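Since the structure comes first, as structure tokens, the remarks are kept for the end.
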Amino acid sequence: MARQPRLDTPGALHHVMGRGIERATIFRTDADRNDFLDRLADLCVDGNLMVYAWSLLSNHFHLLVRTGRQPISKNMKKLLTGYVVKFNLRHKRCGHLFQNRYKSIVCEEDPYLLELTRYIHLNPLRAGIVGDLEELRHYRWAGHSVIMGRVERGWQDIGTVLAYFGKGRDAVKKYEQFVQEGISQGRRPGLVGGGLIRSLGGWSQVLSLRRRGIKIASDERILGRVEFIRRILSEAEEREKETLRLSQKKPDLTTVARRVIEAEGIGESELRSGMRKREVVRVRRMFCQLAVREMGYAGAEVARFLGVTTSSVNRLAVSEETADLKKLHKMF
């Protein structure tokens, strides 16, 4: 069965998990862990991610993040590709480090932001890396120590989590009490995939409901209630239809260029000049993202039209500065 495409939308909450290939160790030293966290911090500083919870174990990691200006796939590619290259250099190895694709689950914020924060931050305790909650407070390789004020990591968003518990030190105490209450719950498979399927007790329960004529929305890529699952799937279907429409009935590049420059107020000669003026580069980026990413034109074809190099077109098309393409879709 072909794997399903990732689900994402600006501002989506994701539980991301990655494992070493054949359970291999992916964090051998503190240098490895610091390298991974430095790369994660860069994504936060650039406004591409907000991180609420995280934990690094020897052969896997967990992240609870919200996407910003770029989709989760680009964030994770930048994080993991760079990390693997440096890991292999540090340890004089080659080849794959991570098992298949990382797993990414779109999560409904209420109640899962808090539930997943607790679940992720208790990972070192469940794994036996720390012996109790006191040790977890000081464990440098999970976000719990940051929320408790024992480790400083300015890129982690602790305010969003603590706001659920009040203000000041009282909020920190209530948060820790919440975490402590989760220890007895043990491993919670319903929080690591399957969404409603797992929360209902498995496929047998889903099928039982369906046999009685009760339709249940479910998707392995989503964790949330029925209404949330339906909304996310509906939004994904609409985006897919829009992309398909643009790729199947795409106008020629001259028409695309004319409509873009009319909307953005620059001349065609500027668009096709290679000029580095900021506003012109912004419109050229928009044109490349619309033509290559949305309509399926080859980078080389767009490069010939613009009179620039193919590498320039491809770089603009996948730029982290994503253009507002929604308004452009309405032109076609």
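Laboratory data are not the source of any read-out in this text; all were calculated from the coordinates shown. The structure presented is a predicted model; accordingly, all values stated were derived computationally and were not measured. Cβ sites come from the backbone with ideal geometry, for glycine too, and all protein chains shown count toward neighbours.
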* Those GluC sites (Glu not before Pro) in region 74-169 that DSSP places in a loop and that have at most 10 other beta carbons within 10 Å -> Glu152
* Asked: What pairs in Lys103/Lys173; Lys74/Lys250; Lys86/Lys167 have C-alpha atoms more than 30 Å from each other?
  -> Lys103/Lys173; Lys86/Lys167
* Asked: Taking the Cβ-Cβ separation of Arg293 and Thr25 as r and a Förster radius of 51 Å, what is the calculated FRET efficiency to the nearest 0.05?
  -> 0.90
* Asked: Highest mean first, what order results for 118-129, 284-295 on Cβ atoms within 10 Å?
  -> 284-295, 118-129
* **Sorted peptide list for 48-56, 90-98, criterion being average Cβ within 10 angstrom, highest first** => 48-56, 90-98
* Asked: Classify region 1-157: rounded, prolate or oblate, from the alpha-carbon gyration tensor (a ≥ b ≥ c, eigenvalue square roots; a/c under 1.5 rounded; otherwise prolate if a/b is larger than b/c)?
  -> rounded
